[in-house]
Structures are given as structure tokens and as C-alpha cells.
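> Below is one structure. I have some questions about it.
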Amino acid sequence: MKKLLIMRHAKSCWKNSDLADHERPLKKRGRNDAKRMGKFLKSKKIIPDLIICSTAVRAQETADHLTESMKYKKEVVFTDALYMAEPKDILSAIIDHAKNQKTVLIIGHNPGSEALLQILTEKVESLPTASIAYITAKIDKWKDMIKCKDVKLKNLWRPKDIK
């Protein structure tokens with residue numbers, strides 16, 4: 001059994017129109033939401049074995065606040081492959097980096113994150129900023145994820161629903 005957490009980066013700041021999209025930081029709300037989601041995962045005892053994160057500043061800051069609040073001490077991989085990635089690119093990044101890890105959290109962007117969620121679970125769900133979809137799959141190897149018929153959306157947590 002493999003567990004995949006798909007997280008969309010937290011709310012970013014659009015104040016500085018001179019910044020390239022890749023360089024946009026988080027807003028205060030985004031920082032708070034990322035911390036809230038980290039504390040929530042810790043309270044549920046859902047700690048990933050590996051985090052794979054986009055190199056966009058807003059995604060990296062999301063990872064920083066999330067990992068700090070959950071006291072995460074394992075590996076975080078930052079990869080350009082997740083920046084504005086299509087579902088196949090996200091799956092490739094998981095296959096390339098996850099190896100034998102049982103629980104993987106990815107921090108990426110829409111529309112790729114929502115599309116991956118839909119492809120894997122056959123459910124159309126919205127992933128607002130800092131939301132986390134929790135998916136399980138009855139597979140032994142990550143490479144089998146796309147063809148697995150037993151993939152379940154166990155939960156979808158949005159920051160506004162977490163107190």
C-alpha cells in the first residue's frame with residue numbers, strides 16, 4: 001500500500017508585478033495556512049517519508065512552513081519537474097525520487113495537481129491553495145500507480161476547514 005499526499009502550494013502574493021511567476025513569495029495567509037496544515041498532518045500522525053516540491057518560491061516557502069510546523073526531519077527534494085507540471089510529469093517525479101518510500105507528499109501547482117487527483121481517483125475535486133488530498137493505492141511500486149484500479153481518495157483537507 002502506498003500513500004500519496006497532493007498539496008497545492010499556499011496562497012501567494014501578487015503585490016510585486018515585476019516578479020516572475022516562479023519568484024512569487026507567500027502572503028501572510030499562505031504562511032499561516034502552510035503551518036496549520038503541517039500541524040494538522042502531525043496531529044493525524046500522517047508524516048511523509050519523502051516530500052517532493054516544486055522549485056517555485058511559493059512552493060518552497062510552503063514546504064518550509066509545513067515541515068517546520070510538523071517537525072519533519074526527513075528528506076525534501078526540490079525539482080523543476082513539478083513547476084507547472086502536467087500529471088505525467090508529477091508521476092515521473094514521484095517514480096524518480098520515491099523509490100521504496102511508503103508515504104510521499106508532493107507540493108505543486110494547479111491545474112496539474114487537480115488533474116492528477118482526477119486521473120488517479122476519477123473524482124473531480126477543487127484543490128484551493130494549501131489544500132491536501134490524501135490518496136491510497138494498493139501497489140508495491142510507485143510506477144504502478146497510473147494503472148492501479150484500487151486508488152482511493154481517503155480525504156481532502158482545505159485550510160478553511162482546519163481549526
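> So how many residues does segment 21-37 have that are over 9 Å from residue 66 (Cα atoms) and either of a type in the set (Asp, Glu) or in contact with a Pro (Cβ under 6 Å, 6 or more places away or on another chain) (or both)?
Residues of segment 21-37 that are over 9 Å from residue 66 (Cα atoms), as a first pass: 21-30, 32.
Of the ones still in play, those that are also either of a type in the set (Asp, Glu) or in contact with a Pro (Cβ under 6 Å, 6 or more places away or on another chain) (or both) are 21, 23.
Selection size over segment 21-37: 2.
> Next question. In the set 36, 8, which member is closer than 20 Å to residue 115 by Cα, charged (D, E, K, R) and in contact (Cβ under 8 Å) with a residue 40 or more places away in the chain? Working first, answer last.
Details: 36 fails: closer than 20 Å to residue 115 by Cα.
Answer to the check: 8.
> Could I ask something else about it? May I ask you to list pairs of residues, at least six apart or on different chains, whose Cβ atoms are under 7 Å apart, with the first in segment 55-74 being closer than 15 Å to residue 45 by Cβ and the second being part of a helix (DSSP H, G or I) and not aliphatic (A, V, I, L, M)?
69/35; 69/38; 69/39; 70/38; 70/39; 70/42; 71/42
> Take the residues of segment 72-107 that are in contact with a helix residue (DSSP H, G or I) (Cβ under 7 Å, 6 or more places away or on another chain) and charged (D, E, K, R): which is farthest from residue 52 (Cα to Cα)?
Filtering first and then ranking leaves 86.
> Collect the residues in segment 1-46 that are surrounded by fewer than 17 Cβ atoms within 10 Å (Cβ to Cβ), among the aliphatic types (A, V, I, L, M) and within 23 Å of residue 102 (Cα to Cα), keeping them in residue-number order.
1
> Checking the conditions here, which among 94, 46 is in a loop (DSSP other than H, G, I, E, B), within 28 Å of residue 146 (Cα to Cα) and of a type outside the set (Gly, Ala, Ser)?
On the way: 94 fails: in a loop (DSSP other than H, G, I, E, B).
That would be 46, the only listed residue that is in a loop (DSSP other than H, G, I, E, B), within 28 Å of residue 146 (Cα to Cα) and of a type outside the set (Gly, Ala, Ser).
> Assess whether residue 104 counts as being assigned to a strand (DSSP E or B), buried (at least 18 other Cβ atoms within 10 Å of the Cβ) and either without any contact (Cβ under 8 Å) to a residue 40 or more places away in the chain or within 12 Å of the chain's Cα centre (by Cα) (or both).
Numbers: assigned to a strand (DSSP E or B): yes; buried (at least 18 other Cβ atoms within 10 Å of the Cβ): yes; either without any contact (Cβ under 8 Å) to a residue 40 or more places away in the chain or within 12 Å of the chain's Cα centre (by Cα) (or both): yes.
Answer is yes for this residue.
> Can you confirm whether residue 116 is in a strand (DSSP E or B), at pLDDT 95 or above, under 23 Å from residue 77 (Cβ atoms) and touching a Pro at 6+ places or on another chain (Cβ under 8 Å)?
Taking the combined requirement at face value, the residue does not satisfy it.
> While we're on this one: Here are some conditions: (1) closer than 15 Å to residue 91 by Cα; (2) surrounded by 13 or more Cβ atoms within 10 Å (Cβ to Cβ). Residue 147 meets all but one. Which one does it not meet?
Status for residue 147: all satisfied but (2).
Listed here are the residues, each with its yes/no results for (1) over 11 Å from the mean Cα position of the chain (by Cα); (2) under 13 Å from residue 129 (Cβ atoms); (3) assigned to a strand (DSSP E or B).
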residue	(1), (2), (3)
3	yes, no, yes
7	no, yes, yes
10	no, yes, no
18	yes, no, no
59	no, yes, no
62	no, yes, no
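> For segment 123-134, check the following and say yes or no: at least one residue is within 21 Å of residue 99 (Cα to Cα) and either assigned to a loop (DSSP other than H, G, I, E, B) or not aliphatic (A, V, I, L, M) (or both).
Yes, segment 123-134 has at least one match.
The values are calculated or read from the model by the stated rules, or taken from the named source; none is laboratory data. What you are looking at is a predicted structure, and each value in this text was computed from that prediction instead of being measured. Here the Cβ is made from the backbone with ideal geometry for all residues, glycine too, and neighbour counts use every protein chain on show.
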